[in-house]
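The values are calculated or read from the model by the stated rules, or taken from the named source; none is laboratory data. In this text, all values refer to a predicted model and were calculated from it rather than measured experimentally. Neighbour counts run over all protein chains shown; Cβ positions are idealised from the backbone, glycine included.
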Amino acid sequence: MNESSSRVAVVTGGAMGIGAAIAARLAQDGWRVVVADRNVDGTAPPGGRYVVCDVGDEASVAALARSLDTGEQRLDALICNAGFMIRKPIADLALAEWSSVLTTNLTSTFLLVRATEALLRAANGAVVTIASSRARMSEPNTESYSASKGGLVALTHALAVSLGPEVRVNCISPGWIATKGPQPAAEEHAFHPAGRVGRSEDIAALAAFLVGPASGFITGAEFVVDGGVTRKMIYPE
């Protein structure tokens, strides 16, 4: 039996994109994966379970935690991936819109960890948060998104200190990851020191490592996975 076959992981925002890739990778590695997403049409990998859940809603998160208590009865890994962006000039950004981004992207991790702490501690589990290179660099009109991702990086190391040594907590900050739309052009690949735009599988591979036994001495860390872009000096031509 695979070492991971009895282990349980929750992946939020796992219906598509990076979350779906993480869920698929963990299932491939033998985990039982519970996908939590507010998309009512989503699915879980074979052997897993799909839960419709608004991770920014306290009652919805509590219901998810109860289902783990009575169903799987354990939780070894929590992947906090759910998030979205509203791109607007700050003058046009309503307070309700700002709050909705921070609730889904940042507050949800607080709610999820608080609700599942006992299960995670019992399993000596691991938490992985999915932030963004936008915590370190910005495009115009992304204030709510950048603030939420910067907060998530800080929340990660705070949780690592509070939950250790039983639970490890780490953060992945992806850069440009092609998850939908047209394929990137050659010049867009060439812009990256790594020679290409990222793929969802790049993030999934790191997430799988961070919840596995080989990363047992890693906690409170942020991993910027952006093909080297945040280290690239750019001058005007």
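Some observations on this one:
- Hey, residue 57 surrounded by 24 or more Cβ atoms within 10 Å (Cβ to Cβ) and of a type in the set (Asp, Glu) or not: no
- Matching residues in region 78-106 - criterion: being small (Gly, Ala, Ser) and either more than 17 Å from residue 127 (Cα to Cα) or in contact with a Lys or Arg (Cβ under 7 Å, 6 or more places away or on another chain) (or both): 91, 94, 96, 99, 100
- None of 51, 113, 61 is under 15 Å from the mean Cα position of the chain (by Cα) and not small (Gly, Ala, Ser) except 113.
- Selection of region 179-222 for residues being modelled with pLDDT under 95, part of a loop (DSSP other than H, G, I, E, B) and closer than 19 Å to residue 152 by Cβ yields only 179.
- Flag for residue 117 being closer than 19 Å to residue 216 by Cα, in a helix (DSSP H, G or I) and either modelled with pLDDT under 95 or not basic (Lys, Arg) (or both): yes
- Meets criteria (part of a loop (DSSP other than H, G, I, E, B), crowded, with 23+ Cβ neighbours inside 10 Å and either within 18 Å of the chain's Cα centre (by Cα) or modelled with pLDDT of 95 or more (or both)) for residue 101: no
- Residue, nearest to the chain's Cα centre (by Cα), within region 192-223, restricted to residues that are under 18 Å from residue 21 (Cα atoms) and among the β-branched types (Val, Ile, Thr): 203
- Unmet criterion (only one of (1) more than 14 Å from the chain's Cα centre (by Cα); (2) at pLDDT 95 or above; (3) closer than 21 Å to residue 74 by Cβ; (4) not polar (S, T, N, Q)) for residue 38: (3)
- For region 126-178, a residue qualifies if it is in a loop (DSSP other than H, G, I, E, B), of a type in the set (D, E, K, R) and in contact with a Ser or Thr (Cβ under 8 Å, 6 or more places away or on another chain), and exactly one does: 136.
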